[in-house]
Amino acid sequence: MLDRRLTLQSLALGLAGSLSLPALAQAPTTLLDPGPLPEKVFGAAEAPVTVIEYASLTCHHCMNFHMKTWPELKAKYVDTGKVRFIIREFPLDPLAMAGFMLARCAGEDKWYPVVDMFYRTQEGWAHSDKPLDGLTQAMRQAGMGKDGVEACLKREDIYQGIRQVSERAKGFGVESTPTFFVNGKKEVGALSLEQFDAILAPLLAGR
């Protein structure tokens, strides 16, 4: 069952339904304020445009964006210093929460490779009859064994950190994934590169 933390038992029982959490008492924050866990930032700090993505590892649209649009967007705008891109966790269900927790436990330098791996193998583990086994098998590629997976999924600090990021996002109007904020303006859905081009063009005019 799910109470204050995601437990191994909840995954073993297949309780990967909607993640329903009570609101946390938090100080007022702005969209650009970092959460309790290290931000996952790509690109130059002085870039004229900041894009924030709220994503879920079990979201098919997020997977499509990551696989099809993100590489081109990164090459065209992020790697060239025009856009600073921040990825934040917004797990839609306990399974996505578990995946994000495992990515955090893998180490800050391995967070992105693990998230990338989960997106690329999403069809195999997210729709499995035994999702915990799928996650455990996937994490072996990142050098984490079964004991490490079990220990990670009991980490209250990581669970609460991701939860706070997700709860804050709701206050900014995030209801689904992927949701983007481009210099503070909300854009919903797996935007194509062409859609990003249209959004970013006026913001980068003359730069």
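At a glance:
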{"quantity": "Count of lysine pairs in the stretch 115-196 with Cα separation under 22 Å (8 or more residues apart, or interchain)", "calculated": "5"}
{"quantity": "Sequence-distant residues sharing a close amide H with Glu187 (under 5 Å, placed H)", "calculated": "Phe180, Phe181, Val182"}
{"quantity": "Accessible area expressed per residue, the stretch 109-207, with surrounding protein chains retained (probe 1.4 Å, Å²)", "calculated": "51 Å²"}
{"quantity": "Fluctuation leader among Gly173, Gly161, Gly134 - the chain, Gaussian network, Cα springs under 10 angstrom", "calculated": "Gly173"}
{"quantity": "Relative contact order of the chain, pairs being alpha-carbon contacts under 8 Å that are 6 or more residues apart, as %", "calculated": "32 percent"}
{"quantity": "Percent accessible area from carbon and sulfur atoms, the chain, protein chains only, probe 1.4 Å", "calculated": "53 percent"}
{"quantity": "Residue among Thr30, Thr179, Thr136 with the largest mean-square fluctuation in a Gaussian network model of the chain, springs linking Cα atoms under 10 Å", "calculated": "Thr30"}
{"quantity": "Inter-probe distance in nm under a simple model that places probes 7 Å from Cα toward Cβ, at Asp157 and Gln195", "calculated": "3.8 nm"}
{"quantity": "Distance (nanometres) between label positions extended 7 Å along Cα→Cβ at Thr80 and Glu39", "calculated": "2.3 nm"}
{"quantity": "Radius of gyration and maximum dimension Dmax of the chain, Cα, Å", "calculated": "16.9, 55"}
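The values are calculated or read from the model by the stated rules, or taken from the named source; none is laboratory data. These figures come from a predicted structure and were not determined experimentally. Ideal geometry is used to build each Cβ from the backbone, glycine not excepted, and the neighbour counts take in all protein chains shown. Surface areas here come from the heavy atoms of the whole protein model, side chains and all, with no ligands, DNA or RNA. Shrake-Rupley method; radii C 1.70, N 1.55, O 1.52, S 1.80 Å.
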